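Below is one structure; the comments refer to it alone.
The values are calculated or read from the model by the stated rules, or taken from the named source; none is laboratory data. In this text the structure is predicted, and so the values were computed from the model without any measurement. Methodologically, a virtual Cβ is constructed for each residue, glycine included, from the backbone with ideal geometry; neighbour enumeration extends over all protein chains shown.
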């Protein structure tokens with residue numbers, strides 16, 4: 001199964017590109033940019049990746065981002081992730097980035113977007129990888145700060161497919177950002193939002209009804225509201241679920257308790273994703289194989305998750321059909 005999954009065509013729809021910054025590259029960029037880190041070795045950084053909740057993770061996440069200073073830094077980080085996608089048969093990825101993490105340090109938003117986009121374009125040219133870029137607002141900051149960030153990003157709108165909402169969920173409900181999401185929608189951008197990870201199921205309702213999102217990021221706490229689950233099924237609203245992240249951040253106590261396959265079997269359009277893979281111990285395939293190892297996921301269920309990732313992606317129906325043809329070819333070659 002692990003080999004089958006490694007070569008299975010799939011898409012990733014919930015990946016924070018800053019969360020793919022491996023300790024080795026963090027050290028390299030710190031040296032290149034003469035940034036002093038509070039760690040003496042790669043091993044020290046890895047040992048610090050022992051989180052008890054979302055906030056303790058975010059504290060070190062933002063600290064690591066300080067090494068990102070120049071367009072080339074953002075390019076190198078993004079290309080490292082994309083090369084991992086190539087190894088893992090990820091044929092399409094929709095990446096999140098957090099501009100406020102950088103603009104609040106004095107980095108121009110154009111520097112961030114240009115570096116990431118250049119890597120995305122090189123991956124498309126060099127091996128045909130498809131991708132999209134989603135700007136996320138930090139929900140622990142003000143709605144006015146989010147609106148200002150959107151204004152800064154609009155000159156680069158052609159490089160974006162949508163906006164999202166991430167960072168500390170508790171105490172920062174989606175309704176706080178209604179106006180900025182209305183503006184983004186008016187500008188032709190799609191909307192997504194983190195909801196129902198640490199926050200309650202009500203945050204999912206708010207994201208759907210107030211932010212008009214096309215997808216819910218995480219969403220695992222929907223299970224607490226039967227009416228909500230039925231709505232997700234009826235409207236086929238995707239959930240971009242991140243199993244390894246949920247385990248690492250103690251959303252679940254054990255992978256064997258995860259509800260992703262339960263939701264899928266009920267008809268919810270769930271997908272599997274890596275979230276912040278450098279911090280949570282694994283890229284996309286690790287999330288698939290964790291479900292095999294802990295939940296006895298079958299090859300048929302793995303294929304369904306991969307097809308769901310195509311269905312939930314923000315590409316045209318023609319491109320989705322091409323993705324599924326590639327899946328069909330792979331299954332035929334494996335006599336499945």
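Scanning the range 28-44 for residues that are in a helix (DSSP H, G or I), touching a residue at least 24 places away in the same chain (Cβ under 8 Å) and farther than 16 Å from residue 81 by Cα yields 30, 32. Given the conditions (1) buried (at least 20 other Cβ atoms within 10 Å of the Cβ); (2) touching a residue at least 40 places away in the same chain (Cβ under 8 Å), report the number of the one that residue 86 does not fulfil. Going through the list (1) buried (at least 20 other Cβ atoms within 10 Å of the Cβ); (2) touching a residue at least 40 places away in the same chain (Cβ under 8 Å), residue 86 breaks only (1). Residue 192 falls short on exactly one of the conditions (1) surrounded by 20 or more Cβ atoms within 10 Å (Cβ to Cβ); (2) touching a strand residue (DSSP E or B) at 6+ places or on another chain (Cβ under 8 Å); (3) in a loop (DSSP other than H, G, I, E, B), and that condition is (3). All of (1) in contact (Cβ under 8 Å) with a residue 40 or more places away in the chain; (2) more than 23 Å from residue 81 (Cα to Cα); (3) in a helix (DSSP H, G or I) hold for residue 251 with one exception: (3).
Note on the range 97-128: residues that are outside any helix (DSSP H, G or I), buried (at least 19 other Cβ atoms within 10 Å of the Cβ) and in contact with a strand residue (DSSP E or B) (Cβ under 9 Å, 6 or more places away or on another chain) amount to 2. Condition check: assigned to a loop (DSSP other than H, G, I, E, B), within 22 Å of residue 245 (Cα to Cα) and touching a helix residue (DSSP H, G or I) at 6+ places or on another chain (Cβ under 8 Å). Does residue 294 satisfy that? No, not satisfied. None of 292, 268 is more than 15 Å from residue 4 (Cβ to Cβ), modelled with pLDDT of 95 or more and either surrounded by fewer than 19 Cβ atoms within 10 Å (Cβ to Cβ) or touching a strand residue (DSSP E or B) at 6+ places or on another chain (Cβ under 8 Å) (or both) except 268.
Only one entry in 52, 47 is assigned to a loop (DSSP other than H, G, I, E, B), at pLDDT below 95 and over 30 Å from residue 304 (Cβ atoms), namely 52.
From the list 25, 58, the lone residue that is at pLDDT below 80 and assigned to a helix (DSSP H, G or I) is 58.
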